[in-house]
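A quick write-up on the structure given underneath.
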Amino acid sequence: MPWEKGTACPGLVDYLALNPLTGSVLVPGCGYGHDVRAIAAAGNRPQVIGIDLAPGAISGAAKFDNPPHAAFRQADFLQLPDEFEGAFDWLWEHTLFCAIEVQDRARYADAAARSVRPGGHFLGIFYLNPHHDEPGPPFGVTPDELDARFGGPFELVRQWLPARTYPGREARELLRLFRRR
């Protein structure tokens, strides 16, 4: 599968080395769960739930040695399960926002806002400029679009280009940290 890199996102790993997440964490579009395991292993042992629409992703994630405070579930983030409403201290985004059709981004923004409790955080890597000769996904995004989509329910705390990325994504990703209003 082209999205399967075999390891956690380098930008996330670097962030977690200095800022382990606490509380409950939702990872939509978790794939085989590498990011879920990285978050669960970093410092404060948060409760991490990875969801993915694809049954193969969830069954693939289950084949790894997963910590007891990491769980996986087949679910559609764009149709947020009722029990996820305001249930999370953190939302980690990597690859789902850029993989969905652009017309579904409003639904994504709504689900993000509904899943994170007030005062919680939304941390994400957004794909700025995928190769323009490819029809997508991934679909690129601009900082202005991120401001428009997430600026109401979330306050931007910080943004930066990750020092490390998967090969070929250098200077093509933007890491953003938001706080839920």
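The values are calculated or read from the model by the stated rules, or taken from the named source; none is laboratory data. As the structure is a computational prediction, the values presented were derived from the model and not from experiment. Heads up, the Cβs are rebuilt from the backbone with ideal geometry, glycines too, and the neighbour counts pull from every protein chain shown.
Values for this structure:
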{"read-out": "Unmet requirement for E173, which otherwise passes all of (1) charged (D, E, K, R); (2) over 28 Å from E85 (Cβ atoms); (3) at pLDDT 95 or above", "value": "(3)"}
{"read-out": "Residue in segment 9-17 that is buried (at least 22 other Cβ atoms within 10 Å of the Cβ), free of Cβ contacts under 8 Å to residues at least 40 places away in the same chain and hydroxyl-bearing (S, T, Y) present", "value": "no"}
{"read-out": "Residues satisfying the stated conditions in segment 102-115, i.e. surrounded by fewer than 18 Cβ atoms within 10 Å (Cβ to Cβ) and at pLDDT 95 or above", "value": "Q103, D104, A106, R107, D110, R114"}
{"read-out": "Pair list, Cβ < 8 Å and 6+ apart or interchain, from segment 23-44 residues that are closer than 16 Å to V116 by Cβ and surrounded by fewer than 23 Cβ atoms within 10 Å (Cβ to Cβ) to residues that are at pLDDT 95 or above and among the polar types (S, T, N, Q)", "value": "G23/Q47; S24/Q47"}
{"read-out": "Scope segment 22-74; condition among the hydrophobic types (A, V, I, L, M, F, W, C) and within 13 Å of the chain's Cα centre (by Cα); matching residues", "value": "V25, L26, V27, C30, V36, A38, I39, V48, I49, I51"}
{"read-out": "Residue list for segment 74-122, filter: touching a strand residue (DSSP E or B) at 6+ places or on another chain (Cβ under 8 Å) and of a type in the set (G, A, S)", "value": "A75, G86, A87, A111, A112, A113, S115, G119, G120"}
{"read-out": "Segment 135-177 - residue that is assigned to a loop (DSSP other than H, G, I, E, B) and of a type in the set (K, R) and, of those, surrounded by the most Cβ atoms within 10 Å (Cβ to Cβ)", "value": "R169"}
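Here is a yes/no grid of residues against (1) on the phi > 0 side of the Ramachandran plot; (2) aromatic (F, W, Y):
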position: L21; (1), (2): no, no
position: D35; (1), (2): no, no
position: A41; (1), (2): no, no
position: R45; (1), (2): yes, no
position: I58; (1), (2): no, no
position: A71; (1), (2): no, no
position: F77; (1), (2): no, yes
position: F84; (1), (2): no, yes
position: C98; (1), (2): no, no
